[in-house]
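Shown next, in structure tokens, is the structure this report addresses.
What follows draws every value from the coordinates through simple rules; no lab data is involved. Quick caveat: nothing in here was measured; it's all calculated off a predicted structure. Here Cβ is always computed from backbone atoms with ideal geometry, including for glycine, and neighbour counts include all displayed protein chains.
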Amino acid sequence: MALHQAKICMGCWEHMHLPVPLRGVASMPFRAFGIRPSRMNPNTCTICEMMFTKIMKARHVTIDATVMFADLRGYTSLSQSRSADEVSTLLDTFYDECANAIWEHDGILNKTMGDGLLALFNFPISHDDHARRALRTAHLIQDRWHDIRTTLSEAAGQDIGVGIGIDCGRLSFGEFGHSHTDITAIGNVVNTAARAQAAATSGQILLTEAVYARTQSELPDSQARDYQLKGFETVTRLYAA
Ligand SMILES: [Zn+2]
């Protein structure tokens with residue numbers, strides 16, 4: 001499925017009923033003012049990224065959202081045995097595959113960190129079924145990576161798979177930091193999603209109970225297990241999707 005390319009920014013339309021053209025001739029005057037498709041999701045714009053400070057008059061907002069972390073397994077040891085070019089091509093492919101899957105479900109690719117990434121669902125484009133969208137995105141990434149993985153793993157002589165963790169609930173999203181301003185999500189949901197991702201094996205998707213509660217009907221055969229996640233005092237129940 002190719003990404004549906006919105007003509008106007010979906011975030012600005014939803015939050016302000018403002019038609020901000022993203023593509024074509026109509027977008028040209030906007031581009032002169034630095035308003036262009038956001039790198040986090042090309043169906044939203046650079047105004048959306050600044051929506052907190054400029055429109056909501058707040059540095060960050062508290063929202064109900066879903067956070068997904070995905071990480072490329074085997075990448076670190078691969079980077080020791082391969083050329084820098086080969087490794088960066090691999091990483092580009094991984095980010096591209098993930099970005100497309102995220103955007104197809106109206107999420108944003110908020111951050112890339114080394115061999116991993118953070119995606120957020122339900123802002124600036126709202127969807128009540130954001131947890132389901134994150135789950136479908138995760139399945140799509142694993143499906144698409146499956147073919148690449150076979151070829152890559154043979155060539156590399158080791159498994160190059162993806163581990164994914166997802167949590168949902170209330171979190172803060174917006175600008176954090178003073179000397180270096182960063183637009184990102186913070187809160188327990190973010191930490192738990194990151195830890196669930198770290199616990200996931202190559203090719204696995206792990207969901208928290210909160211995500212499972214919202215996606216249960218799509219997961220009739222899901223297996224639950226208790227994990228001792230790093231930095232958590234009590235065990236956390238995670239579901240394999
Ligand atoms: Zn916008």
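Considering region 10-54, its Cα convex hull presents a mean projected area of 3.0 nm². Two numbers describe the Cα atoms of region 159-208: Rg and Dmax, which are 13.4, 41 Å.
Sort SER83, SER77 by Cβ crowding within 10 Å, fewest neighbours at the top. Intermediate values should be presented prior to the final figure.
Numbers: SER83 9, SER77 12.
By the 10 Å Cβ count, ascending: SER83, SER77.
Look at CYS168, CYS12 and count the other Cβ atoms within 10 Å of each Cβ; fewest to most, that gives CYS12, CYS168. Multiplying the residue separation of SER217 and MET28 by 0.36 nm and subtracting their alpha-carbon distance yields 63.5 nm. Remark: spin-label model distance ARG39-ASP129 equals 3.2 nm, labels positioned 7 Å along the Cα→Cβ axis.
Kindly state, to the nearest 0.05, the FRET efficiency for ASP96 paired with SER179, given R0 = 25 Å and r defined as their beta-carbon distance. Present the calculation step by step, with values, prior to reporting the outcome.
Numbers: r = 32 Å, r/R0 = 1.27.
Given R0 = 25 Å and the Cβ-Cβ separation, E is 0.20.
Residues in region 89-119, backbone N under 17 Å from the label point at SER153 (7 Å along the Cα-to-beta-carbon vector): list them, ranges by number please. The answer is 94, whose backbone nitrogens lie closer than 17 Å to the label point. Distance from the Cα centroid of region 126-178 to that of region 1-61 is 24 Å (rounded to whole angstrom). In this simple spin-label approximation, GLU86 and LYS7 carry label points 7 Å from Cα along the Cα→Cβ vector, and these lie 4.8 nm apart.
Suppose the chain between ALA224 and ALA198 were pulled fully straight at 0.36 nm per residue; how much longer would it get relative to their current alpha carbon spacing?
Working: separation 26, 0.36 × 26 = 9.36 nm, distance 1.64 nm.
Length gained, ALA224 through ALA198: 7.7 nm.
Which of VAL189, VAL25 comes first, and how do the rest follow, when ranked by fewest Cβ neighbours within 10 Å? Working shown, then result.
On the way: VAL189 24, VAL25 7.
With the fewest neighbours first, VAL189, VAL25 line up as VAL25, VAL189.
Report the convex hull volume per residue for the chain, counting only C-alpha atoms, in Å³. Mind showing how you got there, number by number?
Values: hull volume 37.3 nm³, N = 241.
Here the figure is 155 Å³ per residue.
Farthest towards the positive end of the charge dipole of the chain, among the residues GLN223, MET40, SER83, is the Cα of MET40, using unit charges on the Cβ of Lys, Arg, Asp and Glu.
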